[in-house]
Amino acid sequence: MSKRKVKNKIYALIIVVTLFVSVNNLSQAEEKSTVAGMMLADNAGRISTKQELDDEGLSDIKSRYSAEEVEIGNEPGSKRVKRNRKNAARQAAKGKGKTNNVFEADRETRDDLKVGSIEFFNLKELSPDYLLSKITVKSGDKYTNKDLSDIYLELKRTGYVADANVYPKIRGNTVNITVEVSEVENAAALMQRKQMQEEMKKETDFTISSVDIEGLQARSKDKEKYLKSLPIKPGDIFIPQKAVDGGQKIFDTGYFSSVEPKTDRKADNTISIVYEVKENPVVQNITFEGNTLYKDAELEKALGIKRGEILNGNLLNPDENGILKLYNKNGYTVARIESINVSNEGNIKIGLSEGVVDSVEFEKASTRKDNERQSERRSVLRTKPYIFERVQKIKPGQIFQTKNIKETVEELYRTGMFTSIEPVLEGKEDDPNARVVKLLVEERPTTTINGSISYGTSVGLVGELKLSDSNFLGRGQDAAITLSASNKGDKTFDISWFDPWLRGTERVQLGGTAYWNVSVDDNADPDEVEKVKKIGTRWTIGKGLNSDLYVRMAARYDHYEELFSNKKVNDKYNLFAIGPSLIYDTRNNQYSPTKGIYSTLSYERGELINDPRSYDQFEADLRAYHKTFFGDKNVMAYRVAWGSTGSGTPEALRFSIGGAESVRGYDYGAFDGYDKFHATIENRTQLNDIIGIVVFADAGRAWKQNGRDPSYTRDNSHFGHNIGTTAGVGIRLNTPIGPLRFDFGWPVGNKMDDDGMKFYFNMGQSF
């Protein structure tokens, strides 16, 4: 038996008791009932402060003048009164007035007006007498400007009036008030219910002589505990509601299918109360339907109901059910109990719905403005469907699990192609167990045309034009063309393409680039290389072992020309190099990460064609990111890089340290050598969607410059000498053409450059 049925039975019994008691003093009971109803309604709609009164909305008061009010136009000052009324009406029409009560607008108020009749119209279930009893304005009272608002608010406070239109009609010095009432649905029933509730809370003339519980069997040992918990005791004044509450108290223990209070009136004005209870059956068997994730034994253990013991119905409560807690704990958050059946013999049958994914849909989040027509192009995603499908962790036919949604969203964010992803879960009318998963996505603008002009002391004035797309043709590919030139003679042309996941493969990667480059060192000594020309191509193939770990093999073929400052060719050679690399990447976003790790370990074997020279080159790069206690708006970023190459490495292929990508505060290539090391720490603070501030510290150098000019003071054989250390600040701007980076760096500590601050302008984060 349900709790609702039990309550209904108890209420029915107590009503009988209340009526029985009321027979002894009918007139008094009627009077009290009326007063109680009035008090209940008053309290229900009570407004205790001026602010609450204002919030109630005096502007909702609907009032007007009747034709009879023309009489007032003959009164002194009527022109000003009419003007004030027009102004008040105009303000109300604009939504500026506190009320549309025209009397409020009169600066000259008549003090000889009295309230005449008060009539109600459109009443269906409510009586005029009841409504009159609920308003403080009475016939014969002195009329004030506030009376109309008082009537309106007091009627609303009853809880039985949905709306009211209040019309004043003036005849001489009498104001007759007409009120058109719109009642709430079932107003009479609501009133009766409230009055009954109030009546049940009243003290009676009876004293409780005894309280007992009958029908206990298996739970007989707990009788005294139940009696002590009751809100009524022998010797108390009988209050019907407390008797109901006592029955509910016993029922809430969960061990009873019904609790019925019975009363027995004595001649000495005492009442004895007996709660007749029916215990739940002893559990014989428990079966489940619809479960696929967990076995029956696991669900029975989670439920907590033991066979051979009396049933505690509270354990079947959906809000406290151990079965749902088990599902929710493991992320199956849409699982629910469809049915629970308990037989008189103690057999329990529970039907489950685990929530099977019917379909997964990716849709473009609506960016339509009000009254704007959504074009088909704007409503269709640019990204191809297979890009979504290959990273989604939740599949049709699976049981819905929260972690699968979370992982899918994370993988999509990691591509860097989306700015917002919102999962939405919908049901199906024809299948209550089915769920439709929709992901509403906003795509990041990936196609950019960037033009920039920057200046550096070593490279001079540099102009660059770059056309790039990180989601080329909606296929998740990177493609770019770059042109750059400086006033010192540096030139670059580069065209590249890379697919991080070839369609129809298991994370196979492929990419290629072709390039032509001229670099100039205008500070080179006569016996040093001033210009290096390079033209070549590089191809990469890789395989993702999982979503975080990749292996790649790269090969390149380059043609080099190294020229002295006297324009003579110092070295000319063709290079073929090949080598593997290992990449580990757990960043949550490859363009602007806030957490995760990125690391690479690579090796390259280079052979100069028709030349005895060769080299072996090793490089390692480790980057880490994490949020601070300020959250997403503040991120710490760290980087450590190391490299070593053989003595047979041509000068153009040796390491260079200094500049915007390594040690800011020194020129590009300030340190050269066969070995390198540099480290960076940054604190990145995003002030808003556009502007960010960075504080950084860099340290590093390259060393082992065998064969260089002895006057080169940074040419030491060990890392510990002449380490470049810098500090600085930077600005990050998110623009329609992409993220811009402005950095200012100063040498600190062991200064090896007297030029002071260096300025750098680039695209994107430093790492």
Ordering of 389-401, 674-686 by packing [mean C-beta count within 10 Å, highest first]
674-686, 389-401
Packing-based order for 262-268, 237-243, using average beta carbon neighbours within 10 Å, highest first:
237-243, 262-268
Quick check on region 356-443: of the DSSP beta bridges with both residues there, what percent are antiparallel, nearest 5%?
60
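What FRET efficiency would be calculated for the residue pair residue 150, residue 363, taking the C-beta separation as r and a Förster radius of 60 Å, to the nearest 0.05?
Step by step, r from the Cβ atoms, then E = 0.65.
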Please work out whether region 356-443 counts as rounded, prolate or oblate from its C-alpha gyration tensor, where a ≥ b ≥ c are the square roots of the eigenvalues and a/c under 1.5 means rounded, while otherwise a/b larger than b/c means prolate and anything else oblate?
oblate
Reported to two decimal places, what Rg/Rh ratio describes region 285-353 when computed on Cα atoms with Rh from the Kirkwood expression?
0.93
Distant-in-sequence amide H partners of residue 361 (H built 1.01 Å from N, under 5 Å)
437, 438, 439
In a solvent-free Debye calculation with one equal scatterer on each Cα, what is log10 I(q)/I(0) for region 521-763 at q = 0.10, 0.11 Å⁻¹, listed in the order of the q values?
-0.58, -0.70
Here region 310-322 yields Karplus 3J(HN,Hα) values (6.51, -1.76, 1.60; θ = phi - 60°; whole Hz; Gly and Pro given as x) of 4, 5, 9, x, 4, 6, 8, 4, x, 6, 10, 5, x
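Taking 8 Å as the Cα distance limit and 6 or more residues as the minimum spacing, I'd like the relative contact order of region 596-651 as a percentage.
34
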Taking R0 as 60 Å, what's the FRET efficiency between residue 494 and residue 301 from their Cβ-Cβ distance, rounded to 0.05?
0.40
Backbone HN-Hα couplings from phi across region 629-635 [Karplus 6.51/-1.76/1.60, Hz, Gly and Pro as x]
6, 7, x, 4, 6, 9, 10
Under 5 Å between amide H atoms, partner at least 5 residues away or on a different chain: which partners does residue 613 have, H built in plane at 1.01 Å?
608
Plugging the Cβ-Cβ distance of residue 317 and residue 627 into 1/(1 + (r/R0)^6) at R0 = 35 Å yields, to the nearest 0.05, a FRET efficiency of 0.30
Mind ordering 204-215, 247-258 by average Cβ neighbours within 10 Å, highest first?
247-258, 204-215
Once amide H atoms are placed 1.01 Å from N in the peptide plane, what residues at a sequence separation of 5 or more from residue 545, or on another chain, have their amide H within under 5 Å of its amide H?
550, 551
Working out 0.36 nm times the residue gap between residue 197 and residue 138, then minus their Cα-Cα distance, what length gain in nm do you get to one decimal?
18.3 nm
Full extension from residue 551 to residue 607: what is 0.36 nm times the residue separation minus their Cα-Cα distance, to one decimal in nm?
17.9 nm
Can you work out ³J(HN,Hα) from phi for every residue in region 688-693, in order, using Karplus 6.51 cos²θ - 1.76 cosθ + 1.60 and θ = phi - 60°, giving whole Hz and x for Gly and Pro?
7, 5, 10, 10, x, 10
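So for region 356-443, averaging the separation of alpha carbon pairs under 8 Å that are six or more residues apart and normalising by length, what relative contact order in percent results?
41
Could you give the dipole magnitude of region 256-379 about its Cα centre, charging the beta-carbon of Lys and Arg +1 and that of Asp and Glu -1, in debye to the nearest 20?
440
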At residue 125 and residue 450, where each label point lies 7 Å from the Cα along Cα→Cβ, what is the point-to-point distance in nanometres?
7.0
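Each value in this text was obtained by applying a stated rule to the coordinates, not by laboratory testing. Predicted, not measured: the structure shown is a model, and the values here were computed from it. Counting neighbours? That spans all protein chains shown, and the Cβs are built from the backbone with ideal geometry, glycine included.
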